[in-house]
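The values are calculated or read from the model by the stated rules, or taken from the named source; none is laboratory data. Fair warning: this is a prediction, and the values are worked out from it, not measured in the lab. In this analysis, Cβ positions are derived from the backbone assuming ideal geometry, glycine residues included, and neighbour counts consider all displayed protein chains.
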Amino acid sequence: MRPPLTPSIIDAIRDPKLFAPQFARGNWTAWKTCIRSIFGLPLAPDELPLYRECTGRQDAPTIRAKTSWLIVGRRGGKSRVLALIASYLAAFGNCSQYLVAGERARVVCVAADKKQAAILLNYIHAFLSGTELLAPLIQRETAEEIELSNNVTIEVVTCSYKTIRGRTVVAALCDEAAFWADETGQNPASAVIASLLPSMATIPGSLLLVASSPYAKRGPLWDAFKRYWSKSGKIFVWKAPTWVMHPSLSRDCAVIAEAFENDPASASSEYGADFRSDVGAFIDREIVDAAVIPGRHELMRESGTRYFAFADPSGGSSDSMTLAIAHARDKLVILDALREWRPPFSPDAVVQECAATLKGFGITRVFGDRYAGEWPRERFRVHGIDYQPAEQTKSELYLSLLPLLNSGRAELLDHARLTAQLCSLERRTARSGRDSIDHAPGSHDDLINSAAGALVGAVERTPLIIPKTLLRRVSQVRSPVRCVHY
């Protein structure tokens, strides 16, 4: 059963028998201007100033956008609008003439994780089931899909390019794409969008819509803003702070004002929809790839070699526990072993495995994260290993690792998750001018934390190799440097 008429999306928002009840509360004026712009609907004269402010364009749109990028501050209503557009296109988008027998068109909503996807699906369910004319369209519902009787399926998926292939997509809506992270900790937005476009190729008028708060000046959201903001055409960019799209959250409201007071750079991104200028990539991917030894996954213990170990403990419920072992040789520092235990796990059982691995390399002392508390020291002691808190923070370890990588002095294992975590590290500059290194939102640093600790520790605790001819000269210098000859 299909509704008897096909209204415009703005008419559907106004219609009390369609979506009007869902927009009875709050001020949605700015969003209606944005939606009109996406669908190429006429703008009223009083809407043009906002349109020009948020798009950088002068002339009102006359055609429907093929791709739309909505860069809007947090709590600005993005997910609700994505659900509205998904519901409207699924109910009123007639694409049956482009489908073959047995084929269903799909409206795909992509989110960062299952919880975010569930929020989208709940909104969509409310738009359809709460509408007298559209509720009869629903044939079947699951935790991830809503099947409609017009041969359209609305589904929510997480941000993996592997899970969205093989579909015929009439619309793809990507929520908070700047904060996606895959299993390696990297943002897969570029790969996901590249996989969606072929799925939309056979449906004329298909729509790709990406909505997100901004973050760093990289990735597809930033690229789209640089290339298309203020430019006319079928690729549309709308950029607005939270208080423009959601007027009840004013710039001076307590939550936003406090955020700006505590961390202006973060608040400008979270609520002001500005890309962060204080966040940059820590290291180039080319330098990391040059340090990785292809096919080397772990090295055997060599007699006479002094090894250094570093652990990143975890309680076993949320973060991984990791262990890395490294040694220095001549001018090189080499990562020998890297282990990861993903949650959930028993901390005691993992500590026992760590101890066995350390003893296999002749190691009786391991250094580790200073914030793990007393329990790692107690549990490692039970198994004959001395656990010492690291002197350096993880940010300091990363900064110490950087020159080793840049100079080509570090050799890394061929480990995809380690490489991804290293490449996802970010350099942040505080108001004081001091730099700190940390992982990007949604990503992890358990492996690289241990690896950096082991590599840096191996360099700092390995005696310098000095020729015999220089021993006498060095011995005359009062220095804590330890020397051995060859």
Anything in region 179-211 that is within 18 Å of the chain's Cα centre (by Cα) and on the phi > 0 side of the Ramachandran plot? List them, or say none.
185
Taking the condition more than 34 Å from the chain's Cα centre (by Cα), at pLDDT below 95 and either in a helix (DSSP H, G or I) or in the same structural domain as residue 126 (by TED's automatic domain parsing) (or both), does residue 16 pass?
yes
Matching option when the condition is farther than 15 Å from residue 355 by Cα, surrounded by 18 or more Cβ atoms within 10 Å (Cβ to Cβ) and out of contact with any Pro (no Cβ under 8 Å at 6 or more places or on another chain), among 332, 299, 323, 338
299
Which listed residue, of 290, 309, 324, is outside any loop (DSSP other than H, G, I, E, B), in the same structural domain as residue 427 (by TED's automatic domain parsing) and over 28 Å from the mean Cα position of the chain (by Cα):
309
Within region 358-399, can you find the residues that are closer than 19 Å to residue 306 by Cβ, more than 32 Å from the chain's Cα centre (by Cα) and surrounded by fewer than 17 Cβ atoms within 10 Å (Cβ to Cβ)?
359, 360, 362, 364, 365, 384, 386, 388
As an exercise: evaluate residue 203 against (1) surrounded by 21 or more Cβ atoms within 10 Å (Cβ to Cβ); (2) in contact with a helix residue (DSSP H, G or I) (Cβ under 7 Å, 6 or more places away or on another chain) and give the number of the one condition it does not meet.
(1)
Which listed residue is surrounded by fewer than 18 Cβ atoms within 10 Å (Cβ to Cβ) and under 30 Å from residue 259 (Cα atoms), from 64, 52, 74, 80:
52
I'm trying to understand the selection: among the residues of region 133-175, which are surrounded by 24 or more Cβ atoms within 10 Å (Cβ to Cβ) and at positive phi?
none
Can you find, within region 40-92, the residue that is nearest to residue 111 (Cα to Cα) among those that are of a type in the set (Gly, Ala, Ser) and part of a helix (DSSP H, G or I)?
79
Cβ contacts < 6 Å: first residue closer than 14 Å to residue 68 by Cα and touching a residue at least 60 places away in the same chain (Cβ under 8 Å), restricted to region 210-233; second residue surrounded by fewer than 19 Cβ atoms within 10 Å (Cβ to Cβ) and of a type outside the set (Lys, Arg), any location; separation 6+ or different chain. Result?
228/235; 229/56; 230/56
Would you check if there is a residue in region 94-106 being in contact with a Lys or Arg (Cβ under 6 Å, 6 or more places away or on another chain) and over 29 Å from residue 202 (Cα atoms)?
no
Just to be sure I understand, how many residues within region 285-301 are out of contact with any helix residue (DSSP H, G or I) (no Cβ under 8 Å at 6 or more places or on another chain) and of a type in the set (D, E, K, R)?
3
Filtering strands (runs of 3 or more DSSP E) wholly in region 144-228 for at least 2 residues that are within 26 Å of residue 273 (Cα to Cα) gives 152-158, 168-175, 207-212
Tell me, please, whether a residue that is at pLDDT below 95 and among the polar types (S, T, N, Q) can be found in region 322-329.
no
Can you tell me which residue within region 152-178, out of those that are farther than 15 Å from residue 106 by Cβ and at pLDDT below 85, is nearest to the chain's Cα centre (by Cα)?
159
Flag for residue 269 being in contact with a strand residue (DSSP E or B) (Cβ under 7 Å, 6 or more places away or on another chain) and of a type in the set (S, T, N, Q):
yes
Suppose the filter is in contact with a Pro (Cβ under 9 Å, 6 or more places away or on another chain) and modelled with pLDDT of 90 or more; does residue 225 pass it?
yes
Going by what's in this entry, would residue 267 be described as more than 16 Å from residue 363 (Cα to Cα) and in contact (Cβ under 8 Å) with a residue 12 or more places away in the chain?
no
Test: residue in region 239-258 that is part of a loop (DSSP other than H, G, I, E, B), touching a strand residue (DSSP E or B) at 6+ places or on another chain (Cβ under 7 Å) and either at pLDDT 90 or above or not hydrophobic (A, V, I, L, M, F, W, C) (or both):
no
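Here's the yes/no breakdown for (1) closer than 24 Å to residue 233 by Cα; (2) in contact with a helix residue (DSSP H, G or I) (Cβ under 6 Å, 6 or more places away or on another chain):
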residue: 6; (1), (2): no, yes
residue: 17; (1), (2): no, no
residue: 21; (1), (2): no, no
residue: 30; (1), (2): yes, yes
residue: 47; (1), (2): yes, yes
